Amino acid sequence: MTISERRNRRLEMTAPVKPAAVLLCVVVGLALAPGAVHGAGPPTHAPLARAAAFTAPQTSGATPTLSPRAVLDRYCVTCHNERLRTGGLALDTVDPERVGDDAEVWEKVVRKLRTGMMPPSPRRRPDAATYASTVAYLETALDRAAAADPDPGRPAVHRLNRAEYTNTIRDLLALEVDGRALLPPDESSYGFDNIGDVLSVSPGLLERYLLAAAKISRRAVGDPTLRPTTAIYKTSPLLAQDDRVSEDLPFGSRGGLAVRHHFPLDAEYIIKIALRGRARGSHQLEIRLDRERVRLFDLGDREPLELRLLVKAGTRLVGVSFIEALEQSLPVDGRPPPPPISSFAFTLYPNAPAVKSVEIVGPYNGQVPEDTPSRRAIFVCHPATPEDEAPCAREIVASLARRAYRRPVSDADTGPLLTSYEHGRRDGGGFEDGIRWAVEALLVSPKFLFRIERDPVNVPPGTPYRISDLELASRLSFFLWSSIPDDELIDLAARGGLSEPTVLAAQVRRMLDDPRSHALVENFTGQWLYLRNLRIVAPDATQFPEFDDNLREAFRRETELFVESQLREDRSVRDLLGADYTFLNERLARHYGIPNIYGSHFRRVTYSDDRRAGLLGHGSILTVTSYPHRTSPTVRGKWLLENLLGAPPPPPPADVPGLPEHEGGDTPATMRERLAQHRANPVCASCHAKIDPLGFALENFDAVGRWRATDGAEDTPIDASGALPDGATFDGPASFRDALLREPWGTEFVTTVTEKLLTYALGRGLEYYDAPVARQIIREAAPGNYRWSSLILGIVESTPFQMRRSSDSGNTRAP
């Protein structure tokens, strides 16, 4: 059955859904001419000769002791038949001898059998050998069918999301901007906000892009007509300022904040500081600009905390902090602890003053700077005479457009930008005004805001073809950097050399070594592990009065540093679960009960026991998978199934009652007892039987990640025992982690990480025809123990990353 036949069969079974990306083209009026592809090759069919080609496993696969049909008939079709269709599967109507005809069905079967989740207990189950041989037979047949007729999928038009836009402005114009202040948050799907299908465009969003382009072009080029504006940076009232609070503030400082503020002109600016807290004695407050002190205030003098100073244009680090009075400090372990910062008692406590806000006002008496990083990125030439202005403008526009559009440009690309330049030069009053207008026009161009891959004119409908090297360069840079390709990548792609396997592998290694690859940790990990949710979690102040924003930030920082160390050291992804180290500062170490860690800076610490090894002991994950006032084994179990084991449970029915809280009387005291009562409802039992045992494994950690041995006012001992779906038992976090690292769960974890990473890399949800690709990536990474570099390179070399399916209708416009 060909790709088109399989897709037609699916369309007959489901109502057609118009991709959201179609709306993008309608709204912004994209004119996507057919065949306008730089270096696109002819259609490619299996077998594929290049590195991205999908290949079936080299082994012939095992033959089950029972025939596949006999296995199904004995263990499966009692529930999964045409009449009942349990789970949407009717296995009595499909032929295991023709697996490729119903690949979508068989991929679901493989996933359930591989983990032993089906048949469910207490039904009769196959022995381990039958499980293994049946799975091997089906996977081999599925992989061979995929190799004979690959389907790389068809990603939608991709709008730059907020993170990508922010990073692109940084790399294009050497200008740091606050994306959250310029643009609204993006919709997400499949766990990520870079999925093309949901990156739609509304009139309101278009307006925000227009406003952002105007503001950014003025900052980058410089505008002498700018009027003074006020920027206010506030600290959270839940931020304890009793120690150094930022790596950007000097050692020996206390409290305050550090911000990167853009000064648009060489001008005078006013910096005002507001304080909170009850001052005791004399305190000194300093202001630093790019780490150099520019003013020292003595609070005993009662002078206004205001400074007017001349500042050169550019993005500069403004730091405000108190100087720690060392001669007045007690030894670290002898400090009397203040009340929790979230308590009312804290407001009555004689606290040292703290910085409430920093206000920056300006520019006054400003001049356009002669040299800034942004101006160096823009002005690749400077006209000496009026006659030189037009040629210089063409050079500037062509240079910017090449990087912004991520490919070599033609007159058709630069013409509209040069028209904007002419209008700006005429109406604005000069050459630089014209360039500013051109930059603004470039930043709202669809060619900049959208990643558009066009079908070549010679590709038949519904046919896989290899994308051009320039399109590959964009896919690669947005995967690893969440930003545009650099000049080296574009130059290679323009020459057609990027897709050569050795060259591509070298570029992947170079890009992973580049600091810009931190975006992979921040954006992929932040969404996969729910770190972004830390911003909005609010543990109950009565139950957890010691929770403050210092701890919130420490949670995030610990997990990011940990994952980044795994990536930089090219460790096995299994080490995410089993590593015996983490990164701590004094605040986080105190929360975890780990002694002898002092200071606000993070350092690598090896655990003395196995309680917290790996990700599952991180306070970040334990907090975002809890309720504000208590833990939830159901929430944690669901998170584990979705994000570590790749087996998300179905959503609960709308009318299922919530879990009763313990209020004395007849209400069960322990969480385990209450959930057992909840599972007595047959509607709830089928799902909770899989979810809850996994969550119980982490019950020794409370709702903010502290270790505990008992639960509730009655000090009931924690029971953290349970069993995985295949029957493997555990009795706490350490043995649970060990069970996850054993087969089949160790491979399931690697598979889930690979699938999550592949989803993020492709910018689309995975379909059943992507499963053979994921298996091939994992097979090829196995000899190196599943190192990060092997998985990432495997994704980059894969069929869906390097290929695309043409439109079924023969329309070569964007999907």
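The values are calculated or read from the model by the stated rules, or taken from the named source; none is laboratory data. Quick caveat, the model's predicted, so the values are computed rather than measured. Please note: Cβ atoms are built from the backbone with ideal geometry, for glycine as well, and neighbour counts cover all protein chains shown. For the accessible areas, the whole protein counts, side chains as well, though only heavy atoms, and no ligand, DNA or RNA atoms are used. Shrake-Rupley method; radii C 1.70, N 1.55, O 1.52, S 1.80 Å.
Within the range 518-556, work out how many residues are in contact with a strand residue (DSSP E or B) (Cβ under 7 Å, 6 or more places away or on another chain) and open to solvent by 50 Å² or more (accessible area, probe 1.4 Å).
Of the range 518-556, the ones in contact with a strand residue (DSSP E or B) (Cβ under 7 Å, 6 or more places away or on another chain) are 527.
Next, from what is left, pick out any that are open to solvent by 50 Å² or more (accessible area, probe 1.4 Å): none.
Summing the residues that are in contact with a strand residue (DSSP E or B) (Cβ under 7 Å, 6 or more places away or on another chain) and open to solvent by 50 Å² or more (accessible area, probe 1.4 Å) in the range 518-556 gives 0.
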Can you give me the number of residues within the range 51-83 that are exposed (fewer than 14 other Cβ atoms within 10 Å of the Cβ) and at pLDDT below 85?
5
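Residue-wise test of (1) over 20 Å from Ile169 (Cα atoms); (2) within 18 Å of the chain's Cα centre (by Cα); (3) at pLDDT 95 or above.
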site: Leu472; (1), (2), (3): yes, no, yes
site: Ile484; (1), (2), (3): no, yes, yes
site: Asp487; (1), (2), (3): no, no, yes
site: Glu500; (1), (2), (3): yes, no, yes
So the check is Cβ under 8 Å with 6+ separation or different chains; which pairs have a first residue in the range 96-114 that's at negative phi and of a type in the set (Phe, Trp, Tyr) and a second one that's assigned to a helix (DSSP H, G or I) and open to solvent by 70 Å² or more (accessible area, probe 1.4 Å)?
none
Within the range 170-202, restricting attention to residues that are without any contact (Cβ under 8 Å) to a residue 60 or more places away in the chain and aliphatic (A, V, I, L, M), which residue is most open to solvent (accessible area, probe 1.4 Å)?
Ala181
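Output the residue which, of all residues in the range 356-389 that are in a helix (DSSP H, G or I) and among the acidic types (Asp, Glu), is most open to solvent (accessible area, probe 1.4 Å).
In the first step, residues of the range 356-389 are kept if they are in a helix (DSSP H, G or I); the result is 373-378, 386-389.
Still in the list and also among the acidic types (Asp, Glu): 387-389.
Working: Glu387: 139, Asp388: 63, Glu389: 34 Å².
If we take residues in the range 356-389 being in a helix (DSSP H, G or I) and among the acidic types (Asp, Glu), then Glu387 is most open to solvent (accessible area, probe 1.4 Å).
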Can you tell me which residue in the range 390-433 is most open to solvent (accessible area, probe 1.4 Å), limited to those that are among the β-branched types (Val, Ile, Thr) and either farther than 18 Å from Pro485 by Cα or in a helix (DSSP H, G or I) (or both)?
Thr419
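Being open to solvent by less than 10 Å² (accessible area, probe 1.4 Å), within 30 Å of Asp73 (Cβ to Cβ) and of a type in the set (Asp, Glu) narrows it down to one of Asp127, Asp143, so name that one.
Selected residue: Asp143, the only one of Asp127, Asp143 that is open to solvent by less than 10 Å² (accessible area, probe 1.4 Å), within 30 Å of Asp73 (Cβ to Cβ) and of a type in the set (Asp, Glu).
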Could you go through the range 99-108 and let me know if any residue there is in a helix (DSSP H, G or I), open to solvent by less than 60 Å² (accessible area, probe 1.4 Å), of a type in the set (Val, Ile, Thr) and in contact with a helix residue (DSSP H, G or I) (Cβ under 6 Å, 6 or more places away or on another chain).
yes
Listed by range, helices (runs of 4 or more DSSP H) wholly within the range 748-806 having at least 1 residues that are open to solvent by 10 Å² or more (accessible area, probe 1.4 Å) are 771-781, 788-796
Counting only residues that are among the basic types (Lys, Arg), give me the helices (runs of 4 or more DSSP H) lying completely in the range 130-223 with at least 2 of them.
162-173, 203-221
Looking at Thr134 and the list (1) within 25 Å of Ser798 (Cβ to Cβ); (2) crowded, with 19+ Cβ neighbours inside 10 Å, which single condition is not satisfied?
(1)
Show the residue pairs meeting these rules: Cβ distance below 6 Å; 6+ apart or different chains; first residue within the range 782-811 and farther than 11 Å from Leu758 by Cα; second residue of a type in the set (Ser, Thr, Tyr) and assigned to a helix (DSSP H, G or I).
Gly784/Ser790
Residues of the range 434-466 being farther than 30 Å from Gly153 by Cβ and open to solvent by 30 Å² or more (accessible area, probe 1.4 Å), in sequence order, are Trp437, Glu440
Complete set of residues in the range 713-736 that are among the small types (Gly, Ala, Ser) and outside any loop (DSSP other than H, G, I, E, B)
Gly722, Ala723, Ala734, Ser735
Identify all residues within the range 552-604 that are assigned to a strand (DSSP E or B) and over 22 Å from the mean Cα position of the chain (by Cα); write none if there are none.
Tyr581, Leu584, Arg603, Arg604
Hey, Leu645 hits all of (1) within 22 Å of Arg742 (Cβ to Cβ); (2) not in a loop (DSSP other than H, G, I, E, B) but one; which does it fall short on?
(2)
Could you please let me know if Thr582 is out of contact with any strand residue (DSSP E or B) (no Cβ under 7 Å at 6 or more places or on another chain), of a type outside the set (Gly, Ala, Ser) and buried (at least 22 other Cβ atoms within 10 Å of the Cβ)?
no
Checking the structure you have, find out if any residue of the range 728-738 is more than 30 Å from Ser477 (Cβ to Cβ) and exposed (fewer than 15 other Cβ atoms within 10 Å of the Cβ).
yes
With touching a Leu at 6+ places or on another chain (Cβ under 6 Å) and acidic (Asp, Glu) as the only criterion, which of Glu780, Glu797, Glu743, Glu748 stands out?
Glu748
